[in-house]
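Notes to accompany the following structure.
The values are calculated or read from the model by the stated rules, or taken from the named source; none is laboratory data. Because the structure is predicted, anything quoted here is derived from the model rather than measured. Here Cβ is always computed from backbone atoms with ideal geometry, including for glycine, and neighbour counts include all displayed protein chains. The protein model used for the area step is the full one, side chains on, heavy atoms only, and it has no ligands, DNA or RNA in it. Shrake-Rupley method; radii C 1.70, N 1.55, O 1.52, S 1.80 Å.
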Amino acid sequence: MCGIIGYTGHRPALPVVLEGLRHLEYRGYDSAGVGYVLQKKLHRVRAKGKLHNLEDALTNLGAAITVSCAIGHTRWATHGIPEERNAHPHFSNDGTLALVHNGIIENYQELKAELVQKGYGFESDTDTEVLINLISFCRQSEPSLLAAFAKALSLAHGAYAVCMLDCEAPQTLYAARMQAPLLVGKGVGEYFIASDIPAFLASTRDVLFLEDGEIVVASPNTCSLYTLTDIVHPLKREVQTIQWGIQAAQKGGYRHFMLKEIFEQPTVIQDCLSGRIKADNHIDLPELASMPLPKQIHIVACGTSYHAGLWGQHILENLAHIPVTTEIASEFRYKERFLIPQDDLVLVISQSGETADTLAALRTAKEHSIPTLALCNVLGSSLAREADRVCYTQAGPEISVASTKAMTSQMLLLTCLALFFGEKKGVLDPLQQKHLLATLKTLPITLANELPTMHEKAKFLARKYAQAKSFFFLGRGHCFSLALEGALKLKELSYIHAEGYACGEMKHGPIALIDPHFPSLVLALDDAFYPKITSNVVEIQSRQGRVIAITNPGTDIAVDDRWEIPKVLDPLSAFCVLPCLQLFSYEMADYLGKDVDQPRNLAKSVTVE
Ligand code: AGP
């Protein structure tokens, strides 16, 4: 997610804005920029890469040091690769308006086409430049800039947090939010507009929180709040005082980034699906428009992304009737004989887009002229640039080393792929498609409602089982890949040995390990495998093995600890199982005093072999 800071007050604005951007760096970004008005003319300085590149470009401020109103932005690319021309702020064609933006305007292509028809030109690939020119266009017919601002935003569909400058009102900031964070910092004779509290916490702890659909007009001594539909009657809003320190504020008040990212998953589901489920209830993946249907798909990834791929294999085969293999990248890249035919597809999955083994696997596929597709979270990453095609998971920056929300977004994108290919192949059952899409749309609210309860249960179970030296995670069908992921999470976070296994495999050897000190977490959902799972559990219990069962209300499985989660249409039930596994490992690691966000020996992106 991008970082936004706007300042209007009595101090030199550019140092304040740069300081604010520094406190937003933790969110991850690939370019940055500032904008301001000097002698009634808009100016901007933008730089690709890290903030010091922008600071270097701003060393000789000259007369700009006198400027006391400015906007700043760190960009996490969603539309348009990380280049200076795509960095914010973006200007209107007539050079009078500047905008910084966080979020995704879903209908920006249609809006852009209409503006091009009206003679507007665009220098960037961003949805942001479309929005600022839409505001400029609306200004021609609206009685005020505020009215044009509100009108344009009402035409934009999707998530946005924006802050705008007008060269004719150099001390005034216009801002608005819709499904993306934005708030106001209130100082003495100064106001801040930011996407996150750390941006101005060093200057003020007094905050006005904004709601979706609200607009702010701020100048050094005044700040008015309106709604998109009423720009006449200002809203009343209580100032709240933040008690957090900077560190806590960067985590949004959560103890760790990992916990914050687990709780971001409902929003991630929304963002990942944004623009991909069309009004006529079909999946739209324009990135794949001209791609021929593959005869077979070979998924290649590492770690958690590999587990997402295994889960994806299940749904791709079942919905699109396409044979799928899933391989670990470090094995795939050293195949002695490469037998993949050229009408297949190699699908690489990577949050960072920089994992060396996955990159090597992609290059091997390309050397053999096999079509490649990357599912990535980082725009402009090596994998995204080198694959023939790329679909972005749009999960926002994932700070914690342990991958959580990225896996959810990967599985969502794999679900979209399965529906997209299934429909293209004409094998998708319309009723099943309808139910799956309906469930996808309700997932964010289902998960948002359930996460606090899941967290409390995870806390209780982590403390009850904290002395375990080893754990089994067991599942069948699509839950087998989730069992593998649950084991990986416990290993990498709490350093407790854990093994993920297909439940049916226990009798082929692993059950020899069961004893009262070797508990099992079993995925026992109310599905076709449930009868088999219950008999596997009896086998474990007859050897004094303790069992936690993640199950649904109404099942009768008798175990040491039942963990009930809402029943969700399979295999989308995975989106309620996965957070339980993440929270269980998180709470175990936190209880055992481990370094949750930076586990020992691990890196966020394994860029070496
Ligand atoms: C996940 O919790 C791990 N940190 C690790 O397994 C990770 O998933 C793996 O290194 C792959 O990373 P990538 O998705 O960035 O390629």
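Using the Cα centre of the chain as the reference point, and only Cβ charges (+1 on K/R, -1 on D/E), how large is the resulting charge dipole? Debye, rounded to the nearest 20.
On the way: 55 positive and 66 negative charges, 136 e Å.
Dipole magnitude for the chain comes out near 660 debye.
Would you mind calculating the gained length between GLU168 and GLN247 on full extension (0.36 nm times residue separation, minus the Cα-Cα distance), in nm to one decimal? Write down the numbers at each step before the final one.
Details: separation 79, 0.36 × 79 = 28.44 nm, distance 3.78 nm.
That pair, GLU168 and GLN247, stretches by 24.7 nm at full extension.
So what's the range 223-293 giving for Rg/Rh, alpha carbon basis, Kirkwood Rh from the mean inverse pair distance? Before the final figure, lay out the partial values.
On the way: Rg = 20.1 Å, Rh = 17.0 Å.
Value, to two decimals: 1.18.
Mind jotting down a quarter of the surface of the convex hull over the alpha carbons of the range 314-472, in square nanometres, one decimal? Please report the intermediate quantities before stating the final value.
Working: hull surface 49.1 nm².
Computed as one quarter of the Cα hull surface, the answer is 12.3 nm².
Points 7 angstrom from Cα along the Cβ direction at PHE122 and ASP230: gap in nanometres?
3.5
With every protein chain kept in place and ligands, DNA and RNA left out, what is the accessible area per residue of the chain? Probe 1.4 Å, answer in Å².
Working: 22900 Å² over 609 residues.
Averaged over the residues of the chain, the accessible area is 38 Å².
Based on the Cα gyration tensor of the chain, what are the three equivalent ellipsoid semi-axes, each the root of five times an eigenvalue, rounded to whole Å and given largest first? Don't skip to the answer; put the middle values down first.
On the way: eigenvalues 398, 150, 98 Å².
Each semi-axis is the square root of five times an eigenvalue, giving 45, 27, 22 Å.
Where the convex hull is taken over the Cα atoms of the range 457-528, what is its projected area averaged over directions, in nm²?
Values: hull surface 20.4 nm².
Answer in nm², one decimal: 5.1.
Within the accessible area of the chain, what % is carbon and sulfur when the probe is 1.4 Å and the other protein chains stay in place? List each step's numbers first, then the result.
Details: 11940 of 22900 Å².
Here it works out to 52 percent.
Consider just the alpha-carbon atoms of the range 432-580 and return their Rg together with their Dmax, both in angstrom.
15.0, 46
Could you state the per residue volume, in Å³, of the convex hull enclosing the Cα atoms of the range 264-346? Please report the intermediate quantities before stating the final value.
Working: hull volume 10.2 nm³, N = 83.
Taking the convex hull of the Cα positions in the range 264-346, it is 123 Å³ per residue.
Which percent of Cα pairs goes in each bin when the distances of the range 209-252 are cut into 5 angstrom slices starting at zero?
Percent of Cα pairs in each bin: 5, 18, 22, 19, 15, 15, 6, 1.
Ignoring everything except DSSP H segments at least 4 long, calculate the 222 nm mean residue ellipticity for the chain; use -39,500 (n - 2.57) per segment, divide by total residues, nearest 500. Intermediate values should be presented prior to the final figure.
Details: 17 runs with 214 residues, N = 609.
Helix-only estimate at 222 nm: -11000 deg cm²/dmol.
Cβ neighbours within 10 Å, averaged per peptide: list 249-256, 126-133 in order, most packed at the top. Display every interim value, and only then the final one.
On the way: 249-256: 17.2, 126-133: 26.8.
With the highest mean Cβ count within 10 Å placed first, the list reads 126-133, 249-256.
Cα atoms only, the range 510-573: Rg and Dmax in Å?
Values for the range 510-573 (Cα only, Rg and Dmax): 11.9, 34 Å.
Pull up the cross-link candidates among the lysines for LYS186, meaning alpha carbon to alpha carbon under 19 Å and not fewer than 8 places away within one chain.
Candidates past the 8-residue exclusion: LYS236.
Given Cα positions, please report Rg to Rh for the range 366-442, the hydrodynamic radius being the Kirkwood one.
Working: Rg = 14.9 Å, Rh = 14.3 Å.
Taking Rh as the inverse mean 1/r over Cα pairs, Rg/Rh reads 1.04.
In the range 365-500, if the dipole is taken from +1 on Lys/Arg beta carbons and -1 on Asp/Glu beta carbons about the Cα centre, which of GLN394, LEU436, LEU417 is farthest to the positive end?
Checked the options; the winner is LEU436.
Multiplying the sequence separation of ARG543 and GLN296 by 0.36 nm and subtracting their Cα-Cα distance, what value in nm do you get?
84.7 nm
Taking every Cα atom in the range 78-122, find the radius of gyration and the maximum pairwise distance Dmax, and write them in Å.
11.3, 28
Mind checking the full-extension length gain between GLN598 and GLU367? Use 0.36 nm per residue of separation minus the Cα-Cα distance, one decimal, nm.
Working: separation 231, 0.36 × 231 = 83.16 nm, distance 3.59 nm.
Here the segment from GLN598 to GLU367 would lengthen by 79.6 nm.
Hey, got the dipole for the range 296-449? About the Cα centre, +1 on K and R Cβ, -1 on D and E Cβ, debye to the nearest 20? Please list the in-between numbers first.
Values: 12 positive and 14 negative charges, 64 e Å.
Charge dipole of the range 296-449: 300 debye, to the nearest 20.
Please go through the residue pairs LYS41/LYS118; LYS251/LYS459; LYS50/LYS260; LYS405/LYS441; LYS434/LYS459; LYS112/LYS604 and name each one whose alpha carbons sit more than 26 Å apart in this structure. List each step's numbers first, then the result.
Working: LYS41/LYS118 24 Å; LYS251/LYS459 19 Å; LYS50/LYS260 24 Å; LYS405/LYS441 17 Å; LYS434/LYS459 36 Å; LYS112/LYS604 37 Å.
The answer is LYS434/LYS459; LYS112/LYS604.
Starting from the residue with the highest accessible area, list GLU114, GLU367 in decreasing order, probe 1.4 Å. Provide the component values of the computation, followed by the final result.
Numbers: GLU114 95, GLU367 140 Å².
So, going from the largest accessible area down, we get GLU367, GLU114.
Mind pulling the angle between the C-alpha long axis of helix 530-541 and the longest principal axis of the chain? Nearest 10 degrees, somewhere in 0 to 90.
For 530-541 against the chain, the angle is about 70 degrees.
When DSSP assigns beta bridges and you keep just the ones with both residues in the chain, what percent turn out antiparallel, to the nearest 5? It would help to have the intermediate numbers written out before the result.
Working: 63 of 99 bridges.
That works out to approximately 65 percent antiparallel.
What angle, in degrees between 0 and 90 and rounded to the nearest 10, separates the Cα long axis of helix 108-117 from the longest principal axis of the Cα atoms of the chain?
It works out to around 40 degrees.
Can you tell me the dipole magnitude for the range 491-593 around its Cα centre, using point charges on the Cβ only (Lys, Arg +1; Asp, Glu -1), in Debye to the nearest 20?
Details: 7 positive and 14 negative charges, 38 e Å.
I would put it at about 180 debye.
Dimensions of the range 248-406 along principal axes (Cα, Å, largest first)?
On the principal axes, the range 248-406 reaches 51, 41, 27 Å in Cα extent.
Calculate I(q)/I(0) for the range 524-609 by the Debye formula, one identical point scatterer on each C-alpha and no solvent, and give its log10 at q = 0.18, 0.20, 0.21, 0.27 Å⁻¹ to two decimals.
-0.89, -0.97, -1.01, -1.29
Suppose R0 equals 45 Å. What FRET efficiency, 1/(1 + (r/R0)^6) with r the Cβ-Cβ distance, do LYS532 and LYS50 give to the nearest 0.05?
Details: r = 53 Å, r/R0 = 1.17.
E(calc), rounded to 0.05, equals 0.30.
Kirkwood Rh over alpha-carbon pairs of the range 314-374, then Stokes-Einstein at 37 °C and 0.692 mPa s: what D in µm² s⁻¹, rounded to an integer? Walk me through the intermediate numbers first.
Numbers: Rh = 12.3 Å.
The estimated diffusion coefficient comes to 267 µm²/s.
What whole-number distance in Å separates the alpha-carbon centres of the range 49-65 and the range 514-543?
First find each Cα centre; the distance between them is then 61 Å.
What accessible surface, in Å², does a 1.4 Å probe find on LYS335, ignoring ligands, DNA and RNA and rounding to the nearest 10?
Its accessible surface works out to 70 Å², give or take rounding.
What FRET efficiency do you get for HIS157 and HIS321 if R0 is 30 Å and r is their Cβ-Cβ distance, rounded to the nearest 0.05?
Values: r = 33 Å, r/R0 = 1.11.
The pair HIS157/HIS321 has a calculated efficiency of 0.35.
Over 22 Å apart: what share of the alpha carbon pairs of the range 34-158 falls there, rounded to a whole percent? Spell out each step's value before the answer.
Numbers: 2808 of 7750 pairs.
Tail fraction, whole percent: 36.
Keeping all protein chains in position, work out how much accessible area TYR501 exposes to a 1.4 Å probe, and write it in Å² to the nearest 10.
Result for TYR501: roughly 70 Å² accessible.
From the residues LEU583, THR241, PRO89, which one has its Cα farthest along the dipole of the chain in the positive direction, the dipole being from +1 and -1 charges on Cβ of Lys/Arg and Asp/Glu about the Cα centre?
Selected residue: THR241.
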